[in-house]
Each structure stands twice: as C-alpha cells, then as structure tokens.
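J.: Structure in structure tokens, see below.
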Amino acid sequence: MRQNNRKLYGLAQGAMIAAIYVVLTMVFAPISFGPVQFRIAEALCILPFFTPAAVPGLFAGCLLSNLLCGAMPLDVVFGSLATLIGAAGSWYLRKHKWCVCIPPILANTIIIPWVLRYAYGSEDMILLAMVTVGIGEILAIGVLGNTLLIALERYKNLVFRQQAA
C-alpha cells in the first residue's frame, strides 16, 4: 500500500473510533459521568491492540464527548488526557493481549478522582473516588473491553486489515 493510502486509512480508522466513542458516551450519558460512572465507550480502550489509529481516535472521541456533553474545562482536558495515556499504554502493551486493559484502567482510576474533586467540587475522599471510578473502569474495560477484544480478534483481519496497494 502506498504511504499516502496508509495514512488516509489510519486517519479514517481513528475518526471512526472517535465517532463510535462519542455516540456510545452520548447514548449512555446518564451513567457516563459523575463519581460513580460506567462509561461504556471506555470498552473501546482495548482497540490499540488492533491498530495504532485507536490511540488518537480514543483521545479525540473522549475530548469530543466531554465537550459535547458539557463537561467542565478541567474534565475536558484531564479526562481526555487520562484516556490518551491509557490508550498509549495499551498500544505499548499490545503484544501482551490480556494486559492491554490495564493502562486505561489505571490512568482513569488515578486521574479522574482528582478531576472530580477540582472540576466538580466532589466532596468524596480521593481514595473512595478511586475505588468507585476504578470499579466502573474494571467493568467497562476489563469486562466489556475484554469481551470486545475476544469478539474482534476473530474478525481482526476483516475489520482492521490494511488496504492493498
């Protein structure tokens, strides 16, 4: 495949991932935000296992979701950075299939409680918020994400294939 076609294909993949992330976040908005959150779109954080385009796609999707759903500026910035850090970590660990879900779980569990405290004035103790956010992340990424990984692995050559020249 020519270099320009590869770049365009990667850009299209990233844009599609971002769009799916936004739709999932907006459809499930009531449970996607807050101290006890279950952001179903976070299941997509396993996608760097299949394609590097998922890293910027997940970041853009989270950024757009936070903007479109009215998140506070600190949440838009640091919530999106947490997703970017987690996605980059997933890409880094892509050779270890069952470890791919760990970086986004850790990044969100550590960063989001601070965002909740300083952006929204949450009075929960940081450690309690880490537990509640962590449980949501384990369910969204660890359970749903790994289920998605198993399902997509069977079709990875069809869904994430590289276009021929």
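J.: Taking the criterion of being part of a helix (DSSP H, G or I), over 19 Å from V23 (Cα atoms), polar (S, T, N, Q) and without any contact (Cβ under 8 Å) to a residue 40 or more places away in the chain, would at least one residue in the range 90-99 satisfy it?
T.: The initial filter retains those residues of the range 90-99 that are part of a helix (DSSP H, G or I), namely 90-92, 97-99.
Cutting the leftovers down to over 19 Å from V23 (Cα atoms) gives us 90-92, 97-99.
Next, from what is left, pick out any that are polar (S, T, N, Q): 90.
Filter once more, so that each one left must be without any contact (Cβ under 8 Å) to a residue 40 or more places away in the chain: none.
No, because not a single residue in the range 90-99 is part of a helix (DSSP H, G or I), over 19 Å from V23 (Cα atoms), polar (S, T, N, Q) and without any contact (Cβ under 8 Å) to a residue 40 or more places away in the chain.
J.: How many residues are under 14 Å from T83 (Cα atoms) and either of a type outside the set (V, I, T) or without any contact (Cβ under 8 Å) to a residue 24 or more places away in the chain (or both) if we restrict to the range 17-31? Even if it seems obvious, please write down each step before you answer.
T.: Kept after step one, since they are under 14 Å from T83 (Cα atoms), are these residues of the range 17-31: 17-18, 21-22, 25.
Then drop every residue that is not either of a type outside the set (V, I, T) or without any contact (Cβ under 8 Å) to a residue 24 or more places away in the chain (or both), which leaves 18, 21.
Residues in the range 17-31 being under 14 Å from T83 (Cα atoms) and either of a type outside the set (V, I, T) or without any contact (Cβ under 8 Å) to a residue 24 or more places away in the chain (or both): 2 in total.
J.: For the range 120-148, give me each residue that is over 13 Å from V36 (Cα atoms) and under 17 Å from the mean Cα position of the chain (by Cα).
T.: Of everything in the range 120-148, those that are over 13 Å from V36 (Cα atoms) and under 17 Å from the mean Cα position of the chain (by Cα) turn out to be I141, G142, V143, L144, G145, N146, T147, L148.
J.: Can you confirm whether T83 is part of a loop (DSSP other than H, G, I, E, B), under 19 Å from Y21 (Cα atoms), among the β-branched types (V, I, T) and open to solvent by less than 30 Å² (accessible area, probe 1.4 Å)? Steps first, answer last, please.
T.: Values: part of a loop (DSSP other than H, G, I, E, B): no; under 19 Å from Y21 (Cα atoms): yes; among the β-branched types (V, I, T): yes; open to solvent by less than 30 Å² (accessible area, probe 1.4 Å): yes.
So T83 does not fit the description; no.
J.: Filter the range 45-80 for residues that are crowded, with 19+ Cβ neighbours inside 10 Å and either free of Cβ contacts under 8 Å to residues at least 12 places away in the same chain or hydroxyl-bearing (S, T, Y) (or both) and give the result.
T.: Across the range 45-80, the qualifying residues are T51, S65, S80.
J.: Identify, from the list L152, L144, L128, L158, the residue that is within 25 Å of R6 (Cα to Cα), at pLDDT 90 or above and part of a helix (DSSP H, G or I). Step through it out loud before you land on a result.
T.: Working: L144 fails: within 25 Å of R6 (Cα to Cα); L128 fails: within 25 Å of R6 (Cα to Cα); L158 fails: at pLDDT 90 or above.
After ruling out the rest, the residue left standing is L152.
The values are calculated or read from the model by the stated rules, or taken from the named source; none is laboratory data. Just so you know, these numbers come straight off a predicted model, no measurement behind them. A quick note on method: Cβ atoms are made from the backbone with ideal geometry, for glycine too, and the neighbour counts reach across all protein chains shown. Calculation scope for accessible area: heavy atoms of the full protein, side chains included, ligands and nucleic acids excluded. Shrake-Rupley method; radii C 1.70, N 1.55, O 1.52, S 1.80 Å.
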